[in-house]
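Some notes on the structure that comes next.
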Amino acid sequence: MTLLYLASVLGEEHQCVYKDFSWERFERKDVAKLIDAIDLVIVECDSVTLKRSTNIHNGEQLIRAIKEVNPKLPIICVGKDIALFPRAISGASVCCVGEPEKVIERVIKSLLNEDFEMLKHTTGLYVAANGKAFCTGKAELIEDLDTLPFPCRTLLPKSLEFGVGYKSALIETSRGCEARCIFCQRRGWSEGRFRPHSVDYVLKEFDLLHKHGYKNIWITDDNFSFHLSRAKQILALLGDRGLTKGMKIALSSWANVDKEFLQIAKYAGVSIVSFGVESANKEILKFYKKHINLKTLKELVEYADSLGLYCVGNFIIGAPMESEKTINETFLFAEETPFDQVNVKILNYIAGSLLFEGLPSRFKNERTVFACKENGLNNFGLEDLKKKIWEFKKKFYDNRKMKIAKKISLHGPPFFENLKGSSRYHR
């Protein structure tokens, strides 16, 4: 999403080309051909949990490939990994530590005009000049997200936009979350703040998606329902105005919602609600700083299931006080609650999280550390935890096959896809 926002910011004065090498095949000869016609490159160094080290390595590899072809071509690096680990990156002219939309026009103008004095007065940058790098101070967050244009989705390749056979898109209605879950890395780049788009902005963006025929929408907010009244207002207005008619929407939510929220979500075309549960053990939930009433959550998932909403339960095993008993407790809760899908992860001490800050000094150069016996963080070996997850998920999905098939026959699949046979949702 970051690069698409940047393309919109730059759109009036610059012609942008978008390449996603996490999706498209990376060929050095194609890079050489592409950069012959451009004046500057922006490389995103992301820091999502999935394939983090691979993403960073690929970004560095891309920079080297560009420099081999054109050593003088300016390169700007953006991305959450730079926010977590502020630094200069070899080969990059500028690294944006904060949200780059705020400074990108000034940075590009400075680089194209070789005006490094202008860069010195732009906060939140690492600048490489005359063989040295200097930092321009602390990055600032964008206070009013409505100042951003809608992301330039027209740059997406058709193979990515139609990845499941239907036109699909991500949408961001807010940034950050004020919850204090100690395993979450998002506080590392959002300063633990919640910054929403206005309701009117969100409605206008959904209207644009509807007019352009998008069918599957994933709301990427860290916690869409954090401000519950706002979430209800957005969904109710989407339904009232028919802006999501013919769409299927997926969103992430914490567990502190109510039945009215689920009713309105169904009315607005939401098909998937992903709940962060983490554990069914009260001591472990307290350790994670998760405030959940498990009885109420189970009732909410049962109600959502009756409405035809597909529910995802997200769990973590591997807390320092984890035991066979607490793991079984969590797995039993997941089995007895009518989730359609479960994601079970091993606790990960991730850069940006409060957990990571408390790690012994020997881990400080890492970006992520699994909680396991080998790392001295609990009493379970890493392979043992992986095996427990695999065995549980196999049992879970074996027992859910008939339920999911019946639900699909009654309510349709959770998202549109151009595949024969049953939905891939539960795999």
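Residue separation of Phe150 and His121 scaled by 0.36 nm, minus their Cα-Cα distance, works out to 7.7 nm of gained length.
When DSSP beta bridges are restricted to pairs lying wholly in the chain, around 30% turn out antiparallel. As a rough guide to protection, the peptides 132-142, 323-333 ranked by mean Cβ packing within 10 Å, highest first, stand as 323-333, 132-142. For the stretch 207-356, the mean projected area of the C-alpha convex hull, equal to one quarter of the hull surface, is 9.4 nm². Once the gyration tensor of the Cα atoms in the stretch 162-411 is diagonalised, the equivalent ellipsoid follows with semi-axes of 32, 23, 16 Å, ordered largest first. Mean silhouette area of the stretch 41-158, derived from the convex hull of its C-alpha atoms and averaged over all directions, reads 8.5 nm².
Once Rg and the Kirkwood radius are both taken over the C-alpha atoms of the stretch 122-183, their ratio Rg/Rh works out to 1.13. Listing Arg193, Arg187 from fewest to most neighbouring C-beta atoms within 10 Å gives Arg193, Arg187. Highest mean packing first, where packing is the average number of other Cβ atoms within 10 Å per residue, the peptides 363-375, 276-288 line up as 276-288, 363-375. On a 0 to 90 degree scale, rounded to 10, what angle separates helix 382-411 from the longest Cα axis of the chain? Once rounded, the angle reads 70 degrees.
Rounded to the nearest 5, the antiparallel percentage of DSSP beta bridges internal to the stretch 2-135 is 55%. With the alpha-carbon atoms of the stretch 1-104 aligned to their principal axes, the span from lowest to highest coordinate is 32, 32, 25 Å, starting with the largest. For Lys401, the lysines whose Cα comes closer than 19 Å to its Cα, not counting residues fewer than 8 places off in the same chain, are Lys393, Lys420.
Specify the angular offset, from 0 to 90 degrees and rounded to the nearest 10, of the alpha carbon long axis of helix 324-336 from the longest principal axis of the alpha carbons in the chain. It is inclined by approximately 80 degrees. Each part reduced to its alpha carbon centroid, the stretch 1-39 and the stretch 376-396 end up 41 Å apart.
For Lys232, a cut-off of 16 angstrom between C-alpha atoms picks up these lysines, skipping any fewer than 8 places away in its own chain: Lys259, Lys266.
What's the percent breakdown of Cα-Cα distances in the stretch 291-404 across 5 Å bins, shortest bin first? It works out to 2, 11, 19, 19, 16, 14, 10, 6, 2, 1, in whole percents. Between the helical axis of 228-240 and the longest alpha-carbon principal axis of the chain there is an angle of about 90 degrees. Kirkwood hydrodynamic radius of the chain, from the reciprocal of the average inverse Cα-Cα distance over all distinct pairs: 23.4 Å. Just so you know, the averaged projected area of the alpha carbon convex hull for the stretch 158-216 sits at 5.5 nm².
Since every read-out is calculated from the coordinates, none of them should be taken as a lab result. Remember, it's a predicted structure, so these values are computed and weren't measured experimentally. Please note: Cβ atoms are built from the backbone with ideal geometry, for glycine as well, and neighbour counts cover all protein chains shown.
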